[in-house]
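The values are calculated or read from the model by the stated rules, or taken from the named source; none is laboratory data. As the structure is a prediction and not an experimental result, all values here were calculated from the model. Glycine also receives a Cβ, built like all others from the backbone with ideal geometry; neighbour counts cover every protein chain displayed. These area figures cover heavy atoms from the full protein model, side chains too; ligands, DNA and RNA do not enter into them. Shrake-Rupley method; radii C 1.70, N 1.55, O 1.52, S 1.80 Å.
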Amino acid sequence: MTVLLVHGDREYLREPGEELQTDLGVLDVPDDVEPGQTLETHLGEPFEVRRLRGPDLFNHFERTGAPMMPRDVGLIVGHTGVAAGDRVLDAGTGTGVLSAYLGRMGADVTTYERDSDFADVARENMKLADVADSVEVRTGDLTAELAGTGDQSTDASDGSDSPAADSDLGEFDVLTLDTEDAPEVVARAPDLLARGGYVAVYSPFVEATREVVEAAREVGLADVETFETIQRRMDFDDRGSRPSTAGVGHTGYLTFARRP
């Protein structure tokens with residue numbers, strides 16, 4: 001169980017039995033370490049032990065690009081109702097933040113990543129999140145898989161190559177997409193989703209969003225709606241209170257649709 005060691009604004013990840021060396025001193029993490037404990041370095045500097053939670057994974061995952069923001073993950077969870085026991089099919093794993101969140105919620109996730117190096121990083125991130133048993137990271141192109149032209153997929157447990165799964169992947173409760181070819185997959189959503197199941201598509205550009213909406217309507221999906229995700233941090237000081245002028249509040253566009 002990886003734990004988070006916190007001293008002020010400093011955070012470090014360590015496994016039980018490992019050592020932390022900083023300018024604050026050397027700290028040996030006990031084999032029986034528990035969240036909530038306070039450990040001290042040999043110089044007497046205290047570190048709080050915390051259990052990893054979703055935002056910690058976002059901050060500490062090894063990144064292979066811009067990961068999905070927690071606010072986008074929250075909207076996906078809220079609009080699809082994904083829950084423990086659901087089967088989720090995901091494409092565009094990237095860093096794996098969304099897959100890790102869903103796996104920690106108890107969903108059974110199969111996620112596709114085209115870049116083999118990115119997929120390897122995502123598998124390590126799933127181990128860090130303690131969801132390697134519930135999140136399978138496959139190296140491959142979901143669109144090609146659905147067309148029956150996929151070559152190889154990689155097992156999440158040991159990184160060994162195995163034959164790609166049949167294009168008939170079965171029924172899923174939720175389909176999540178963060179890929180350029182999302183409209184092509186949305187066109188197959190009725191074959192992939194169980195009755196009442198949802199598709200959620202993240203798009204960085206509004207042009208791609210329109211293509212997704214058109215594909216969803218063309219195949220008869222219901223409740224098609226798109227949101228721009230914007231979040232502004234509030235600043236409070238002696239002068240008054242107002243939204244922060246720093247940072248970019250816009251993330252992207254999220255489109256949701258449901259199989260009737």
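Exactly one condition in (1) at negative phi; (2) open to solvent by less than 70 Å² (accessible area, probe 1.4 Å); (3) under 16 Å from the mean Cα position of the chain (by Cα) is not met by Pro46; state its number.
Every listed condition holds for Pro46 apart from (3).
Say we look at region 57-116 and pick out the residues that are closer than 14 Å to Asp133 by Cα and hydroxyl-bearing (Ser, Thr, Tyr); which of these is most open to solvent (accessible area, probe 1.4 Å)?
It comes out as Tyr101.
Taking region 190-221 as the search range and keeping residues that are aromatic (Phe, Trp, Tyr) and surrounded by 13 or more Cβ atoms within 10 Å (Cβ to Cβ), which one is farthest from Leu146 (Cα to Cα)? Explain how you work it out, then say what you get.
Residues of region 190-221 aromatic (Phe, Trp, Tyr): 198, 202, 205.
Next cut, surrounded by 13 or more Cβ atoms within 10 Å (Cβ to Cβ) only: 198, 202.
Details: Tyr198: 18, Tyr202: 20 Å.
So the residue we want is Tyr202.
Could you list all residues from region 195-221 that are in contact with a Lys or Arg (Cβ under 7 Å, 6 or more places away or on another chain) and touching a residue at least 40 places away in the same chain (Cβ under 8 Å)? Walk me through how you get there before you give the answer.
Of all residues in region 195-221, those in contact with a Lys or Arg (Cβ under 7 Å, 6 or more places away or on another chain) come to 195-198, 221.
Of everything in region 195-221, those that are in contact with a Lys or Arg (Cβ under 7 Å, 6 or more places away or on another chain) and touching a residue at least 40 places away in the same chain (Cβ under 8 Å) turn out to be Arg195, Gly196, Gly197, Tyr198.
Under 6 Å between Cβ atoms, at least 6 apart or on separate chains: pull out the pairs that start in region 3-32 with a residue that is closer than 12 Å to Arg51 by Cα and end on any residue that is in a loop (DSSP other than H, G, I, E, B) and modelled with pLDDT under 95.
Qualifying pairs under 6 Å: Leu4/Leu52; Leu13/Thr2; Glu15/Thr2.
Could you count how many residues in region 222-260 are surrounded by 13 or more Cβ atoms within 10 Å (Cβ to Cβ), in contact with a Phe, Trp or Tyr (Cβ under 9 Å, 6 or more places away or on another chain) and either in a strand (DSSP E or B) or free of Cβ contacts under 8 Å to residues at least 60 places away in the same chain (or both)?
Looking only at that region, the number is 12.
Take Gly170 and decide whether it is in contact with a Lys or Arg (Cβ under 8 Å, 6 or more places away or on another chain) and at pLDDT below 95.
Answer is yes for this residue.
What are the residue pairs meeting all of these: first residue in region 102-115, first residue of a type in the set (Phe, Trp, Tyr), second residue outside any strand (DSSP E or B), Cβ atoms under 6 Å, and 6 or more apart or on different chains?
Tyr112/Gly140; Tyr112/Leu142
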